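Report on one structure; see the data block that follows.
The values are calculated or read from the model by the stated rules, or taken from the named source; none is laboratory data. Note that the coordinates shown come from a computational prediction; the quantities given were computed from them, not determined experimentally. Virtual Cβ from ideal backbone geometry, glycine too; neighbours counted across all protein chains shown. Accessible surface areas use protein heavy atoms only, side chains included; no ligands, DNA or RNA. Shrake-Rupley method; radii C 1.70, N 1.55, O 1.52, S 1.80 Å.
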Amino acid sequence: MPIIVVEVMPKAEILDPQGKAVAGALVRLDKSEFSAVRIGKRFELTVEGPITDELLAEAREIANDLLANTVIEDVIYVGEARPADDAQGA
Amino acid sequence: MRVGVITFPGSLDDRDAQRAVKLGGGEPVALWHGDHDLKNVDAIVLPGGFSYGDYLRAGAIAAHSPIMSEVITAANAGMPVLGICNGFQILVESHLLPGGLVRNDHGDFVCRDQKLRVENVDTAWSNGFKEDEEIIIPLKNGEGGYIADQNTLDRLEGEGQVVFRYLEVNPNGSANDIAGISNARGNVVGLMPHPEHATEPGFGPDTRAAMRSGTDGLTFFTSAISSLMANA
């Protein structure tokens, strides 16, 4: 079944305590070359038929109305799963 | 006066809010998130808790529940609406109030008796206070950091829509120490602290007079109920 992926990230100026905690763990693991971590959300919306422009427009609408709160988050991607997203292809 | 208290899946303080309405001289009316029926109430309280487990974002899913379309219509028509804690989060997610609420800047859940200053005594829920009155209201939240873009903050400050401001301690990193705000009309008010937990001697915050004697929260409810009765 095809999926539409929506990715949401906290805005840059918003504190991301999860990311901060992970960054702290990386320092303790001696991986301090990764100086910061930010954690966002990925939604996978399954659709029954092929992914059409209408479905993508609809997905963009719910991304901005429900999936993200654009006061604190940015929608950074709405679209078909990219090749790197395909678990079978990895 | 009939004051509706909406119960969402995961609401915690709906019964406390109902009791506060009663102590404030009103008739509490239990409302259900899944209904499209406000049962002829004169005012609405959105209580604290963790509606829908705070999934997605605190208040986000509740903001789209069936009864909220009626609440939004009623609020836009001028009905007094008070959002407490999770209720405040639902009001911002419903766009009845501007801005957003994010995780506390220190990352921890906070629970304390919080001193506030009442900076707007013209709203439906604060008209019984004196200008700049200092009050103690219990606060308990994990995601209570109020944020908004600079234009919104400037507008809120300029128009007097900051109704309650944290004093002495900013418990969650809120912008401008904002504890609660109103819409432009003053009928919709949201705040993170819990006035319903400071309405009955013996169960409120400590005061200089006696332990657990604080009842500053009662004025929220008497404000709305008495102004509704005056206009009835």
**OP:** Please work out which residue is nearest to residue B:52 (Cα to Cα), limiting yourself to region B:10-33 and to residues that are of a type in the set (A, V, I, L, M) and in contact with a Gly (Cβ under 6 Å, 6 or more places away or on another chain).
**Re:** B:12
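Just the residues that are open to solvent by 20 Å² or more (accessible area, probe 1.4 Å) and outside any loop (DSSP other than H, G, I, E, B), please, taken from region B:157-190.
So in region B:157-190, the residues open to solvent by 20 Å² or more (accessible area, probe 1.4 Å) come out as B:157-160, B:165, B:167-170, B:173, B:175-177, B:183-185.
Passing the criteria: B:157, B:158, B:165, B:175, B:176, B:177.
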**OP:** Output the number of the condition that residue A:51 fails; it satisfies all remaining conditions of (1) more than 17 Å from the chain's Cα centre (by Cα); (2) buried (at least 16 other Cβ atoms within 10 Å of the Cβ); (3) within 13 Å of chain B (Cβ to nearest Cβ).
**Re:** (3)
**OP:** State all residues of region B:97-120 that are surrounded by 18 or more Cβ atoms within 10 Å (Cβ to Cβ), more than 9 Å from chain A (Cβ to nearest Cβ) and part of a loop (DSSP other than H, G, I, E, B); if no residue qualifies, say none.
**Re:** B:97, B:119, B:120
Original post:
Any idea which of (1) closer than 16 Å to residue A:71 by Cβ; (2) touching a residue at least 40 places away in the same chain (Cβ under 8 Å) is the one residue B:116 doesn't satisfy?
Top reply: (1)
**OP:** Determine whether region B:55-72 contains at least one residue that is within 14 Å of chain A (Cβ to nearest Cβ), crowded, with 22+ Cβ neighbours inside 10 Å and either of a type in the set (D, E, K, R) or more than 13 Å from residue B:90 (Cβ to Cβ) (or both).
**Re:** yes
Original post:
Within region B:143-150, is even one residue in contact with a Ser or Thr (Cβ under 9 Å, 6 or more places away or on another chain), farther than 17 Å from residue B:169 by Cβ and either in a loop (DSSP other than H, G, I, E, B) or within 14 Å of chain A (Cβ to nearest Cβ) (or both)?
Top reply: yes
Original post:
Going by the structure shown, is residue B:75 within 14 Å of chain A (Cβ to nearest Cβ) and more than 20 Å from residue B:139 (Cα to Cα)?
Top reply: no
Original post:
What's the number of the condition residue B:207 fails, among (1) out of contact with any Lys or Arg (no Cβ under 7 Å at 6 or more places or on another chain); (2) at pLDDT 95 or above; (3) assigned to a loop (DSSP other than H, G, I, E, B)?
Top reply: (2)
Original post:
So which of A:63, A:36, A:57, A:81 ends up being within 14 Å of another protein chain (Cβ to nearest Cβ) and surrounded by 10 or more Cβ atoms within 10 Å (Cβ to Cβ)?
Top reply: A:63
**OP:** Pull up region B:1-31, narrow it to residues that are without any contact (Cβ under 8 Å) to a residue 24 or more places away in the chain and open to solvent by 50 Å² or more (accessible area, probe 1.4 Å), then point me to the one that is nearest to residue B:141 (Cα to Cα).
**Re:** B:15
Original post:
Which ones in region B:210-232 are outside any helix (DSSP H, G or I) and of a type outside the set (Lys, Arg)?
Top reply: B:210, B:211, B:213, B:214, B:215, B:216, B:217, B:232
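Of the residues that sit in region A:16-46 and are in contact with a strand residue (DSSP E or B) (Cβ under 7 Å, 6 or more places away or on another chain) and under 23 Å from residue B:109 (Cα atoms), which one is modelled with the lowest pLDDT? Break it down into steps so the answer makes sense when it comes.
Residues of region A:16-46 that are in contact with a strand residue (DSSP E or B) (Cβ under 7 Å, 6 or more places away or on another chain), as a first pass: A:16, A:38, A:40-46.
Cutting the leftovers down to under 23 Å from residue B:109 (Cα atoms) gives us A:16, A:38, A:40-41.
On the way: A:16: 85, A:38: 95, A:40: 96, A:41: 96.
So, considering only residues that are in contact with a strand residue (DSSP E or B) (Cβ under 7 Å, 6 or more places away or on another chain) and under 23 Å from residue B:109 (Cα atoms), the one modelled with the lowest pLDDT is A:16.
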Original post:
How about chain A: which strands (runs of 3 or more DSSP E) wholly inside it have at least 2 residues that are of a type in the set (Lys, Arg)?
Top reply: A:41-46
Subject >> Identity of the residue in region B:151-167, among the β-branched types (Val, Ile, Thr) and more than 14 Å from every other protein chain (Cβ to nearest Cβ), that ends up farthest from residue B:204 (Cα to Cα) >> reply: B:162
